[in-house]
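Undergrad: Below you will find the structure I want to go over with you.
Nothing in this text is a laboratory measurement; each read-out follows from the coordinates by a stated rule. Please read these numbers as outputs of a predicted model, since none were measured by experiment. So basically every Cβ, Gly included, is an ideal-geometry build from the backbone, and we count neighbours across all protein chains shown.
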Ligand code: SP5
Ligand code: ZN
């Protein structure tokens, strides 16, 4: 199992997250990656490398290039406007409004945001690029005929849509990795999202495409972030009809229930003919995660990895969510152990 990690994740270190009507210290913070890296090494995964210096050529195939340009410039524009705080969207294009991108930076950030939980700061873009590079480097490793890789991506990516940031995500690392695998010659690949939250960004990237199957197991959006996507009836459209599958589940869901959804998703990924699986690996399904409501135990993560491995396909795991508690490190290491067992 090759592990890809960049110190540059530390450049993403916001002071604020709008949560419960207050500006709190973000759940998505640098200590997460440090804890995960330490636990993964401790568990014997010692092949840790830095990512290669990829540009935006792959990201431009799944994101709107104008959106990536916005990400690259938003902080400087915010500062140039004279604002003192971190860049937070507070006004949004919703039902029956124009989809033109405002010249004003407050309008532009609202246009490109799908949530106000994600403050943008100096360094956020550079960290997002480093995170994307980890995912691409992992895809390249698989393309060299290796079976497993773990991209320790931070910031996460699965809430980032074609032209949307939010949910702590800016560039959709798993989606970029899937595109990279196609560019290496795979005809079809799958993104399997096991993060507690619906992979709304990844679904958006590939909803109209027939070459990437997307499956997401998550807290029912009637009760959980991201609220506005992730229902079972969303199955893809156009060339992508039948290539998206959602498994919304209620508060308190234990592994016994969760794992039957995983088995169904894996069967569909096989039937689709995917040549590799990119796992959007959040461990916020853990019973003590501070912002989620599933009941997976640390041992369940070993079983999760083993089930995914049993599909017999190459697997690139890209780090997504998992918050607050030290066990996030052990839980990630357990998935990797299960994959290799
Ligand atoms: C990558 C990822 O896991 N992103 C998640 C972003 C969630 N941000 C909004 C958090 C709101 C959580 N509200 C839960 C209330 C618990 N008491
Ligand atoms: Zn999550």
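Undergrad: Scan the stretch 204-216 and tell me whether some residue there is within 16 Å of ligand 1 (Cβ to nearest atom), in contact (Cβ under 8 Å) with a residue 12 or more places away in the chain and within 24 Å of residue 87 (Cβ to Cβ).
TA: Restricting attention to the stretch 204-216, the residues satisfying the condition of being within 16 Å of ligand 1 (Cβ to nearest atom) are 204-205, 214, 216.
Then keep just the ones that are in contact (Cβ under 8 Å) with a residue 12 or more places away in the chain; that gives 204-205, 214, 216.
Keeping just the survivors that are within 24 Å of residue 87 (Cβ to Cβ) gives 204-205.
Within the stretch 204-216, one or more residues are within 16 Å of ligand 1 (Cβ to nearest atom), in contact (Cβ under 8 Å) with a residue 12 or more places away in the chain and within 24 Å of residue 87 (Cβ to Cβ).
Undergrad: Now a separate question. How many residues does the stretch 32-77 hold that are over 18 Å from residue 109 (Cβ atoms) and assigned to a helix (DSSP H, G or I)?
TA: 14
Undergrad: From 225, 255, which residue is in contact (Cβ under 8 Å) with a residue 40 or more places away in the chain, away from ligand 1 (no atom under 16 Å from the Cβ) and closer than 28 Å to residue 291 by Cα? Spell out the reasoning first.
TA: Values: 225 fails: away from ligand 1 (no atom under 16 Å from the Cβ).
Only one candidate qualifies: 255.
Undergrad: So, one more: In the stretch 267-281, which residue that is surrounded by fewer than 24 Cβ atoms within 10 Å (Cβ to Cβ) and in contact with a helix residue (DSSP H, G or I) (Cβ under 8 Å, 6 or more places away or on another chain) is farthest from residue 319 (Cα to Cα)?
TA: 275
Undergrad: Let me ask something additional. Considering every residue within the stretch 169-176, establish whether at least one is buried (at least 21 other Cβ atoms within 10 Å of the Cβ) and either away from ligand 1 (no atom under 13 Å from the Cβ) or free of Cβ contacts under 8 Å to residues at least 24 places away in the same chain (or both). It would help to see each step written out before you state the result.
TA: Here is the first cut: in the stretch 169-176, the residues buried (at least 21 other Cβ atoms within 10 Å of the Cβ) are 169-176.
Going one step further and asking which of them are either away from ligand 1 (no atom under 13 Å from the Cβ) or free of Cβ contacts under 8 Å to residues at least 24 places away in the same chain (or both), we end up with 175-176.
Among the residues of the stretch 169-176, at least one is buried (at least 21 other Cβ atoms within 10 Å of the Cβ) and either away from ligand 1 (no atom under 13 Å from the Cβ) or free of Cβ contacts under 8 Å to residues at least 24 places away in the same chain (or both), which makes the answer yes.
Undergrad: Of the numbered conditions (1) surrounded by 14 or more Cβ atoms within 10 Å (Cβ to Cβ); (2) away from ligand 1 (no atom under 16 Å from the Cβ); (3) assigned to a loop (DSSP other than H, G, I, E, B), residue 26 fails exactly one; give the number of that condition.
TA: (2)
Undergrad: With 61, 84 as the choices, which residue is surrounded by fewer than 16 Cβ atoms within 10 Å (Cβ to Cβ) and over 22 Å from residue 15 (Cβ atoms)?
TA: 61
Undergrad: Continuing with this model, one more query. For the stretch 285-319: of the residues being more than 16 Å from ligand 1 (Cβ to nearest atom) and assigned to a loop (DSSP other than H, G, I, E, B), which is nearest to residue 130 (Cα to Cα)?
TA: Applying the filter and picking the extreme gives 314.
Per-residue answers, yes or no, for (1) part of a loop (DSSP other than H, G, I, E, B); (2) under 10 Å from the mean Cα position of the chain (by Cα); (3) surrounded by fewer than 24 Cβ atoms within 10 Å (Cβ to Cβ):
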| site | (1), (2), (3) |
| --- | --- |
| 136 | no, no, no |
| 141 | no, no, yes |
| 146 | yes, no, yes |
| 149 | no, no, no |
| 154 | yes, yes, no |
| 165 | no, no, no |
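Undergrad: Can you tell me which residues in the stretch 1-33 are farther than 23 Å from residue 85 by Cβ and more than 18 Å from the chain's Cα centre (by Cα)?
TA: Across the stretch 1-33, the qualifying residues are 1, 2, 7.
Undergrad: List the strands (runs of 3 or more DSSP E) inside the stretch 176-260, counting only whole elements, that have at least 3 residues being farther than 25 Å from residue 143 by Cα and within 16 Å of ligand 2 (Cβ to nearest atom).
TA: Because the criterion is at least 3 residues that are farther than 25 Å from residue 143 by Cα and within 16 Å of ligand 2 (Cβ to nearest atom), the strands (runs of 3 or more DSSP E) in the stretch 176-260 that meet it are 212-219, 244-249.
Conditions tested, residue by residue: (1) without any contact (Cβ under 8 Å) to a residue 24 or more places away in the chain; (2) surrounded by fewer than 18 Cβ atoms within 10 Å (Cβ to Cβ); (3) more than 16 Å from ligand 2 (Cβ to nearest atom); (4) within 27 Å of residue 243 (Cβ to Cβ).
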{"position": "265", "(1), (2), (3), (4)": "no, no, yes, yes"}
{"position": "286", "(1), (2), (3), (4)": "no, no, no, no"}
{"position": "293", "(1), (2), (3), (4)": "no, no, no, no"}
{"position": "309", "(1), (2), (3), (4)": "no, no, yes, yes"}
{"position": "315", "(1), (2), (3), (4)": "no, no, yes, yes"}
{"position": "324", "(1), (2), (3), (4)": "no, yes, no, no"}
{"position": "340", "(1), (2), (3), (4)": "no, yes, yes, no"}
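Undergrad: Okay, moving on. Only residues that are more than 16 Å from ligand 2 (Cβ to nearest atom) and either more than 19 Å from the chain's Cα centre (by Cα) or part of a loop (DSSP other than H, G, I, E, B) (or both): list them for the stretch 271-284, please.
TA: Answer for the stretch 271-284, where residues must be more than 16 Å from ligand 2 (Cβ to nearest atom) and either more than 19 Å from the chain's Cα centre (by Cα) or part of a loop (DSSP other than H, G, I, E, B) (or both): 271, 272, 273, 274, 275, 276.
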